[in-house]
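Visitor: Shown below is the structure under consideration.
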């Protein structure tokens, strides 16, 4: 059963309101630079969505604490009921909260950053921007006149652009904010129709090694282990454990775990991929894609 309030809250944002952050970058052997990026929205976009849906019938409260060397903020958003016909509320009273802790490092205002992160964690409980969770990392377009600036681990600076405007394919067309050229989102990023589409990746044939083991789920589903940068492969090795079903572990899950164990012995990515180059991963302020 559809709910108009929920649909308005979860409505995808116009591409002009989407921001991007660099998640990892590095340099290839030939000196060229690569980067991976994530999409997010800022606090202003989230607040505008609350204004759009609830008008003046919402408020926020911030609570700050100092815990050791961390600045901690908890944001509580309160939605007041609005009376409709015959005095019946159009939606129920609701309150949601989000908390964020930021390490004081001397370079930023930790309380300001904690408040920003807490706000983002609170609004995602209402469904605002939640669809961004389904978007995996995408390749940045390296451009000397790009909108964003980044740097590699060895401090090489570069400019880059996002991969193109994206929307989830499940978004109903009636909720799109205007007639801007949106594209569908399936498991990868594609460019808008006024730009040439990237060719679909060729199926990977197994060579009997861990490098061609295909990731079966998650944001990197469909990629092979050999295509991952070192930090991502390390995460899989340290965090994936197959779970038994009806008391047994499937052969597919066991094979994936075995491939991860084999990769620990000697990691060497497939030729031509940036995985064997220097990688730097930026630490996000929080774990939501905002």
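The values are calculated or read from the model by the stated rules, or taken from the named source; none is laboratory data. These numbers come from a predicted model, not from an experiment. Every residue, glycine as well, gets a Cβ built from its backbone with ideal geometry; the counts of neighbours run over all protein chains shown.
Visitor: So which residues in region 115-165 are free of Cβ contacts under 8 Å to residues at least 12 places away in the same chain and assigned to a loop (DSSP other than H, G, I, E, B), if there are any at all?
Guide: 155
Visitor: Looking at region 245-276, which of its residues are at pLDDT below 85, surrounded by 10 or more Cβ atoms within 10 Å (Cβ to Cβ) and closer than 29 Å to residue 152 by Cα?
Guide: 263, 264, 267, 268, 269, 270, 273, 274, 275, 276
Visitor: Here's another thing I want to ask about it. Check every one of the strands (runs of 3 or more DSSP E) wholly within region 1-70 and list those with 2 or more residues that are at pLDDT below 90, surrounded by 13 or more Cβ atoms within 10 Å (Cβ to Cβ) and touching a helix residue (DSSP H, G or I) at 6+ places or on another chain (Cβ under 9 Å).
Guide: In region 1-70, the matching strands (runs of 3 or more DSSP E) lie at 19-27, 33-40.
Visitor: Looking only at region 71-83, how many residues end up being assigned to a loop (DSSP other than H, G, I, E, B) and in contact with a strand residue (DSSP E or B) (Cβ under 6 Å, 6 or more places away or on another chain)?
Guide: Total satisfying the criteria: 1.
Visitor: Has region 277-286 got at least one residue that is modelled with pLDDT of 50 or more and in contact with a helix residue (DSSP H, G or I) (Cβ under 7 Å, 6 or more places away or on another chain)?
Guide: no
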